[in-house]
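S.K.: Before I ask anything, here is the structure I am working with.
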Amino acid sequence: SAIASRHRMRFSRSLRFRVAASFAALGGGLSLIIAVGLFIGIRDAGERLIDETLNAEMQDYQARRDRNPRSLPPATVTLLGYVSPGEPEVPGELAVQPVGRHQVVLDDIPYRLLVAERAGSRYYLLYNEALFQDRQKRLGLFLAGFVAFMALASAALAFWLAERVIEPVKELARRVRNIG
């Protein structure tokens, strides 16, 4: 009788554990899928925004150069431009880049580079990605914390809910035992 009681306790705990683990895995898995989707979506949107910014700035600078050939290229914290021939001189690692978009690192700073040719001039426009990459890292850490929190919250809720779910099974086992 005592052995049967222990066996039933293990069964109910085992069933409770399995139900709780299933709920926790479901909650954690869904949180992970959502977090990865958010991270990829935000990263892609950020990269598209950088590309659109580079395109708009390139068109603006080329239009300014058409109006005033001595117009200086952009030189801000975020944007840095060069034109060849022109001043300042194009750094050697940029001058060898073909027309198009590229990822480059200058002075340990990551840049997205847009190279274009127009009217006998070659244009180089760099977008400083350091701040964007820093924000990506912080977003990744935030999302990892979100997944961990959701997994723990799912587990806590799952253990509470599992007790409610298996209570009818335990009640049925008690009734069967009493009938016997």
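The values are calculated or read from the model by the stated rules, or taken from the named source; none is laboratory data. Only a predicted model underlies this, so the values are computations on that prediction, with no experimental measurement involved. We place every Cβ from the backbone using ideal geometry, glycine too, and count neighbours over all the protein chains shown. Calculation scope for accessible area: heavy atoms of the full protein, side chains included, ligands and nucleic acids excluded. Shrake-Rupley method; radii C 1.70, N 1.55, O 1.52, S 1.80 Å.
S.K.: Report yes if residue 46 is under 14 Å from the mean Cα position of the chain (by Cα), more than 26 Å from residue 155 (Cβ to Cβ) and free of Cβ contacts under 8 Å to residues at least 24 places away in the same chain, otherwise no.
M.R.: no
S.K.: So residue 128 ticks every box in (1) touching a strand residue (DSSP E or B) at 6+ places or on another chain (Cβ under 7 Å); (2) open to solvent by 40 Å² or more (accessible area, probe 1.4 Å) but one. Which box is left unticked?
M.R.: (2)
S.K.: Please find, within segment 112-139, the residue that is farthest from the chain's Cα centre (by Cα) out of those that are aromatic (Phe, Trp, Tyr) and farther than 27 Å from residue 36 by Cβ.
M.R.: For segment 112-139, the residue satisfying everything is 123.
S.K.: Name the residues in segment 45-68 that are farther than 22 Å from residue 103 by Cα, of a type outside the set (Asp, Glu) and surrounded by 10 or more Cβ atoms within 10 Å (Cβ to Cβ), would you?
M.R.: Selection gives 63, 64, 65.
Yes/no matrix, rows are residues, columns are (1) open to solvent by less than 70 Å² (accessible area, probe 1.4 Å); (2) within 22 Å of residue 46 (Cβ to Cβ):
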| residue | (1), (2) |
| --- | --- |
| 89 | no, no |
| 121 | yes, no |
| 137 | no, yes |
| 145 | yes, yes |
| 154 | yes, no |
| 171 | yes, no |
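S.K.: Going through 57, 47 one at a time, which residue ends up being of a type in the set (Asp, Glu) and under 30 Å from residue 146 (Cα atoms)?
M.R.: Selected residue: 47, the only one of 57, 47 that is of a type in the set (Asp, Glu) and under 30 Å from residue 146 (Cα atoms).
S.K.: Can you tell me which residues in segment 100-115 are under 13 Å from residue 58 (Cα atoms) and surrounded by fewer than 18 Cβ atoms within 10 Å (Cβ to Cβ)?
M.R.: If the condition is that a residue be under 13 Å from residue 58 (Cα atoms) and surrounded by fewer than 18 Cβ atoms within 10 Å (Cβ to Cβ), then 100, 101 are the ones that fit.
S.K.: Given the structure, is residue 84 over 24 Å from residue 37 (Cα atoms), touching a Ser or Thr at 6+ places or on another chain (Cβ under 9 Å), open to solvent by 40 Å² or more (accessible area, probe 1.4 Å) and of a type outside the set (A, V, I, L, M)?
M.R.: So residue 84 passes the test.
S.K.: Follow-up. In segment 67-127, which strands (runs of 3 or more DSSP E) lie fully inside it and hold 1 or more residues that are of a type in the set (A, V, I, L, M, F, W, C) and without any contact (Cβ under 8 Å) to a residue 24 or more places away in the chain?
M.R.: Of the strands (runs of 3 or more DSSP E) lying wholly inside segment 67-127, those with at least 1 residues that are of a type in the set (A, V, I, L, M, F, W, C) and without any contact (Cβ under 8 Å) to a residue 24 or more places away in the chain span 100-106, 109-118.
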